[in-house]
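Accompanying notes for the structure given below.
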Amino acid sequence: MNATPSTAKALSTKVREIRTAFGIDIGGSGIKGAPVDLATGEFAAERVRIATPQPATPSAVAATVAELVTSFHLPSDTPVGVTFPAVVQHGVARSAANVDSSWIGTNIETVIGQAVGRRVVAVNDADAAGFAESAFGAARSTRGVTFICTLGTGIGTAMVVDGVLVPNLELGHLEIDGVDAESRAADSARDRENLDWDQWAVRLQRYFGVIEDLFWPDLIVVGGGVSKHHEKFLPLLHLRAPIVPAQLRNAAGIVGAAALAAAAH
Ligand code: BGC
């Protein structure tokens, strides 16, 4: 999993000097972290997972992240990045579709940074996963426009254009046929409505069809936990662009958070 020339261009000179950064993936059930080797996109040490505190308020989550980071005894100059499943604009959470609403307006970088005692960079979860797939995974040799989508509780979306991330795309909330797309096509909708793969694929076809008509991606990458069953639904989709499963699987958030934190360092 080596970085491509376009990725190297997107990561600044400084990033290429930094060998390791630390990534943390904040999810609804677990908070996971590991140091990442930025030359390969691989974990430099085994990942640690701590259950997400409930309720997942900013102070409770920050304390858990601090516990996780402290357990690694990182050098003080190691960049630290965290993912968050909402719009993250310059460190501030601006939405809360599937997280505790007390996060809206919270400066994630300040709250977590204070608890951890070091600078922290916060990014949207799908942006982290998308950036990781573009730098080290399924889209690493793609030029042009890659659309990355994570199918889980919600639909996370990211777009990377020649190695450059366009942040906070939020295309899981496109209104299609009068409803919020993620309420019909996320993996949680498949679960909730007991859809079989064919029924779910009809909804995905409609979703990705609209995405294609609006954005004309050169490649579509599908991640999220359900992507490990990609052979059950991706072959049922008929799109103009190739559509492929994510490669980094559940490492993508950690790897992307680490790489984006290094880029912002
Ligand atoms: C949120 C996005 C997030 C996605 C995946 C959506 O409901 O609005 O910000 O990336 O879920 O967690």
Of all residues in region 160-185 being open to solvent by less than 20 Å² (accessible area, probe 1.4 Å) and part of a strand (DSSP E or B), the one that is farthest from Ala135 (Cα to Cα): Ile176
Flag if Ser95 is within 13 Å of the ligand (Cβ to nearest atom) and over 18 Å from Asn250 (Cβ atoms): yes
Residue list for region 121-130, filter: open to solvent by 10 Å² or more (accessible area, probe 1.4 Å) and not in a strand (DSSP E or B): Asp125, Ala129
Condition met for Leu195 (more than 16 Å from the ligand (Cβ to nearest atom), farther than 22 Å from Gln247 by Cβ and either modelled with pLDDT of 95 or more or of a type in the set (Gly, Ala, Ser) (or both)): yes
Qualifying positions in region 27-79 - among the hydroxyl-bearing types (Ser, Thr, Tyr) and open to solvent by less than 60 Å² (accessible area, probe 1.4 Å): Thr40, Thr52, Thr57, Thr64, Thr78
Positions within region 94-126 being under 21 Å from Val69 (Cα atoms) and aliphatic (A, V, I, L, M), in sequence order: Ile108, Val111, Ile112, Ala115, Val116, Val120, Val121, Ala122, Val123
Enumeration of residues in region 138-152 that are over 13 Å from the mean Cα position of the chain (by Cα) and not in a strand (DSSP E or B): Ala138, Ala139, Arg140, Ser141, Thr142, Arg143, Gly144
All positions within region 210-243 that are over 20 Å from Asp198 (Cβ atoms), more than 14 Å from the chain's Cα centre (by Cα) and surrounded by 15 or more Cβ atoms within 10 Å (Cβ to Cβ): Ile211, Glu212, Phe215, Pro217, Asp218, Leu219, Ala241
Number of the condition not met by Asn107 [criteria: (1) within 18 Å of the chain's Cα centre (by Cα); (2) open to solvent by 10 Å² or more (accessible area, probe 1.4 Å)]: (1)
Tally, over region 194-205, of residues that are part of a loop (DSSP other than H, G, I, E, B) and open to solvent by 80 Å² or more (accessible area, probe 1.4 Å): 1
Close pairs (9 angstrom Cβ cut-off, 6 or more residues apart or separate chains): closer than 18 Å to Ala132 by Cβ in region 73-86, among the hydroxyl-bearing types (Ser, Thr, Tyr) and buried (at least 17 other Cβ atoms within 10 Å of the Cβ) anywhere: Thr78/Thr20; Pro79/Thr20; Pro85/Thr153
Only listed residue being near the ligand (Cβ under 9 Å from one of its atoms), of a type in the set (Val, Ile, Thr) and at pLDDT 95 or above, chosen from Val116, Val87, Val80: Val87
Tabulated pairs, region 159-188, first over 19 Å from Val202 (Cβ atoms) and within 11 Å of the ligand (Cβ to nearest atom), second open to solvent by less than 40 Å² (accessible area, probe 1.4 Å) and part of a loop (DSSP other than H, G, I, E, B), C-beta under 7 angstrom, 6+ apart or interchain: Asn168/Val87; Glu170/Val87
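The values are calculated or read from the model by the stated rules, or taken from the named source; none is laboratory data. Here the structure is a predicted model, which means the values were calculated and not measured. Cβ atoms come from the backbone with ideal geometry, glycine included; neighbour counts cover every protein chain shown. SASA here: full protein model, heavy atoms, side chains in, ligands and nucleic acids out. Shrake-Rupley method; radii C 1.70, N 1.55, O 1.52, S 1.80 Å.
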